[in-house]
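The values are calculated or read from the model by the stated rules, or taken from the named source; none is laboratory data. All values reported here derive from a predicted model rather than from experimental measurement. Quick note on the areas: whole protein, heavy atoms, side chains included, nothing else; ligands and nucleic acids left out. Shrake-Rupley method; radii C 1.70, N 1.55, O 1.52, S 1.80 Å.
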Amino acid sequence: MGELTKEEKLIYLPIYGLFNSFCYALTLPFQYWWWKRNKKQWLLISEVIQLLILITSAFVVSRLVYYYIVIGAHPNAYSIRYFATNIYLPAIATILPIIVIGRWSFGKYKEKQLEDKKIEIHGAGNYESLRLHLSDLICIQSADNYVEITYLEQGELKKQLIRNKLSEVETSRPELVRTHRSFLVNPAHFKQWKTGNRKLILVLSSDIEIPVSKTHQQAVETAVNSTTEQ
């Protein structure tokens, strides 16, 4: 950069920035695929792999910009080794901490947003509760003086007992629909209808089957239709 005039810097530095920003954008599909593959978890090793891919691909892009755009394939161009050690590494050492801090800050911001969107199902005790995303909640079943909550956690089916009445949960969570005197369901997890022994069955995610009484059938059908149409 020290060998470029002011006019050349105004021309070439934005070109470097544009091409390397595009290079960063190309790594995002890999990031999404890797996140889904690891059951929607983003670990430290995932971040290291992402940054290594970015550094490697950005080096290739920067070298091509330098060789073909900045100096027009001049025979006296810097060697790849000299370009890597004397030009690229000092540049990436300056820029990489900014990228790392930016990604960490954005990740914390997204985590807070996701945490704020969670719902909480309270129990009778002061420390009895379950926080989760509504989209992960499948159904709730009455079990004597408890309710059994069936939900997904990182793609795995889980259940938890909380001391509470089903009617109180129904009042506090109007998004759920009662299908039976013993069941509340999240209509977003609807898969299909099923009949057996003259009974109507609601099949939810993970092939969970919930009975639907005639008393609640119309309300359940309306809720399911409203959810599937969105």
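Mind checking which helices in the chain clear 20 Å along their axis (Cα) and have mean Kyte-Doolittle hydropathy of 1.0 or more, DSSP H runs only?
Numbers: long enough: 6-37 (47 Å, -0.08); 44-64 (30 Å, 1.89); 89-116 (40 Å, 0.24); 214-229 (23 Å, -1.01).
TM-like helix candidates: 44-64.
Order L132, L43 by their accessible area, 1.4 angstrom probe, all chains in place, largest first.
Details: L132 10, L43 90 Å².
Listed by decreasing accessible area, they come as L43, L132.
Of the cross-linked pairs K110/K165; K108/K158; K39/K191; K118/K194; K118/K214, which ones have a Cα-Cα span greater than 23 Å in the structure shown?
Working: K110/K165 34 Å; K108/K158 26 Å; K39/K191 21 Å; K118/K194 31 Å; K118/K214 32 Å.
As for pairs spanning more than 23 Å Cα to Cα, those are K110/K165; K108/K158; K118/K194; K118/K214.
Running a GNM on the chain with Cα contacts under 10 Å, which residue among I210, I119, I71 ends up with the highest mean-square fluctuation?
I71
As a test question: what accessible area, to the nearest 10 Å², does S135 have when a 1.4 Å probe is rolled over all protein chains in place?
Rounded to the nearest 10, that gives 80 Å².
Considering only protein heavy atoms and a probe of 1.4 Å, how much of the accessible area of the chain is carbon and sulfur, as a whole percent? If you can, show how the numbers build up before the last one.
On the way: 8920 of 15470 Å².
Exposed carbon and sulfur together represent 58 percent of the surface.
Of the listed values (i) 57, 19, 14; (ii) 27, 20, 18; (iii) 33, 20, 15, grab the one calculated as semi-axes √(5λ) of the Cα gyration tensor in Å from the structure here.
So the calculated entry is the one marked (i).
Could you report the chain's accessible area per residue, 1.4 Å probe, as an integer in Å²? Walk me through the intermediate numbers first.
Numbers: 15470 Å² over 230 residues.
Solvent-accessible surface per residue comes out at 67 Å².
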